[in-house]
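The next block holds one structure in the form of structure tokens; read it before the comments.
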Amino acid sequence: MKTLNSLALGYAGAIVSAACMLLLGILGNLGFYTGAASMIGGWHMFSSLSLGGIIAGIIEAAIISFIILYAFALVYNWFVTRETN
């Protein structure tokens, strides 16, 4: 069975979540998806609809996504290599 590239999965998740936060911040400022933008502001500590809040939200989401997906890949790889031995 194949293993996952932990760093690649972490980077991919960080990039996708950062892009989603940027898109949601822009659309929230334009008046679209304001409900979702306010929920994101409640979930993320540093996120808001200001420019600084959008940048801080992007950084926070990228870091959290990287850590979660990197840890997921490590655990997955541990189970895969443990099963084949």
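The values are calculated or read from the model by the stated rules, or taken from the named source; none is laboratory data. Quick caveat, the model's predicted, so the values are computed rather than measured. Every residue, glycine as well, gets a Cβ built from its backbone with ideal geometry; the counts of neighbours run over all protein chains shown.
Just a few scattered comments:
- Selection from segment 24-53 of residues that are assigned to a helix (DSSP H, G or I), within 20 Å of residue 64 (Cβ to Cβ) and either in contact with a strand residue (DSSP E or B) (Cβ under 7 Å, 6 or more places away or on another chain) or of a type in the set (Ser, Thr, Tyr) (or both): 38
- Condition check for residue 37: in contact with a helix residue (DSSP H, G or I) (Cβ under 7 Å, 6 or more places away or on another chain) and surrounded by 13 or more Cβ atoms within 10 Å (Cβ to Cβ): yes
- Test: residue in segment 50-67 that is among the aromatic types (Phe, Trp, Tyr) and touching a residue at least 40 places away in the same chain (Cβ under 8 Å): yes
- Identity of the residue in segment 30-51, of a type in the set (Phe, Trp, Tyr) and more than 19 Å from residue 63 (Cα to Cα), that ends up modelled with the lowest pLDDT: 33
- You will find that of 52, 25, the residue that is touching a Gly at 6+ places or on another chain (Cβ under 8 Å) and small (Gly, Ala, Ser) is 25 and no other.
- When residues of segment 47-68 are limited to those that are over 13 Å from residue 18 (Cβ atoms) and within 14 Å of the chain's Cα centre (by Cα), the one surrounded by the fewest Cβ atoms within 10 Å (Cβ to Cβ): 67
- Listed by first and then second residue, the pairs with beta-carbon distance under 6 Å, at least 6 apart or on different chains, first residue in segment 9-32 and within 15 Å of residue 44 (Cβ to Cβ) and surrounded by 21 or more Cβ atoms within 10 Å (Cβ to Cβ), second among the hydroxyl-bearing types (Ser, Thr, Tyr) and modelled with pLDDT of 95 or more, are 14/65; 17/65.
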